[in-house]
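The values are calculated or read from the model by the stated rules, or taken from the named source; none is laboratory data. Bear in mind that the values here come from a model prediction, so they are computed numbers and not experimental data. Quick reminder, even Gly has a Cβ in these numbers, built from the backbone with ideal geometry, and neighbours come from all protein chains shown. Remember, those area values only see protein heavy atoms, side chains included, never the ligands or the DNA or RNA. Shrake-Rupley method; radii C 1.70, N 1.55, O 1.52, S 1.80 Å.
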Amino acid sequence: MVFTLPLFLGFFAAALGITPPGLINMTAAKVSIKDGRNEAISFAIGATVIVFFQTFLALLFAEFINSRPDVINILQEIGAVIFIALTVYFLWSAKKPKREKEELKMRSKTNRFFLGMLLSVLNLFPIPYYVFISITLSSYGYFSFNKLFLFTFVSGAVIGSFLVFYLYILFFKKKEGKPSFLMTNGNYIIGAITGVVALLTLFKIFKSYWA
């Protein structure tokens with residue numbers, strides 16, 4: 001029970017937060033289609049490494065952030081700026097002329113591990129998400145801030161995150177032999193996702209100021 005509960009809670013929290021289409025899992029699917037499963041798995045591993053540190057950091061500072069709502073507001077403002085920039089980048093990239101297929105393939109297969117790490121670093125939302133999850137569970141007596149519980153919870157979150165990424169990779173890889181909507185419109189889709197996230201974040205920030 002000492003290991004099972006935090007492992008399950010971490011796994012469930014990660015699956016709940018990552019399963020909806022988002023920047024990282026949609027990018028993992030796109031990499032799978034364009035570059036193959038191994039490159040996509042490399043991307044997913046890179047993203048998961050950062051998830052580990054983000055989750056652990058969020059849990060370490062959960063009590064402090066909970067007592068300082070201004071810190072959460074700052075994180076939201078930073079996240080909004082980042083996602084606005086990502087929206088502009090992906091929509092601009094989608095309109096650029098396509099490079100030659102051979103050149104694109106060569107460039108696309110480099111540093112997928114580090115690309116996963118980079119996009120995961122830019123995604124600040126796991127920090128307030130896991131702060132909220134841990135504090136809520138703690139208020140019901142299902143979460144403890146001792147080191148063993150924290151490490152086991154983080155391990156569950158890492159396993160859950162990678163599994164969701166892998167499921168996205170498998171699902172879209174099965175369609176590689178057919179004309180892929182994601183292949184031709186991937187940047188538009190990711191740009192739309194980041195745009196929606198940015199708008200929702202801005203709405204929440206403005207709402208907190210007006211309250």
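With (1) under 16 Å from PHE132 (Cβ atoms); (2) modelled with pLDDT of 80 or more; (3) acidic (Asp, Glu) as the list, and GLU63 as the residue in question, which single condition is left unmet?
Unmet condition: (2).
Can you find a residue that is charged (D, E, K, R), part of a helix (DSSP H, G or I) and either modelled with pLDDT of 85 or more or open to solvent by 50 Å² or more (accessible area, probe 1.4 Å) (or both) anywhere in region 165-175? Full working, then the answer.
At the first step, the residues of region 165-175 found to be charged (D, E, K, R) are 173-175.
From what's left, part of a helix (DSSP H, G or I): 173.
So of that shortlist, the ones also either modelled with pLDDT of 85 or more or open to solvent by 50 Å² or more (accessible area, probe 1.4 Å) (or both) come out as none.
No: region 165-175 contains no residue that is charged (D, E, K, R), part of a helix (DSSP H, G or I) and either modelled with pLDDT of 85 or more or open to solvent by 50 Å² or more (accessible area, probe 1.4 Å) (or both).
Any idea which residue in region 119-153 is modelled with the lowest pLDDT, counting only those that are over 24 Å from ILE74 (Cα atoms) and open to solvent by less than 30 Å² (accessible area, probe 1.4 Å)?
Here the answer is PHE143.
Restricting to region 154-164, count the residues that are open to solvent by 10 Å² or more (accessible area, probe 1.4 Å) and within 12 Å of PHE56 (Cβ to Cβ).
2
Considering only residues that are in a helix (DSSP H, G or I) and of a type in the set (Phe, Trp, Tyr), which ones fall in region 110-129? Walk me through it before giving the result.
Here is the first cut: in region 110-129, the ones in a helix (DSSP H, G or I) are 112-122, 126-129.
Residues satisfying the conditions are PHE113, PHE114, TYR129.
Inside region 177-188, can you point out the residues that are modelled with pLDDT under 70 and either closer than 14 Å to MET26 by Cα or within 21 Å of the chain's Cα centre (by Cα) (or both)?
SER180, PHE181, LEU182, MET183, THR184, ASN185, GLY186, ASN187
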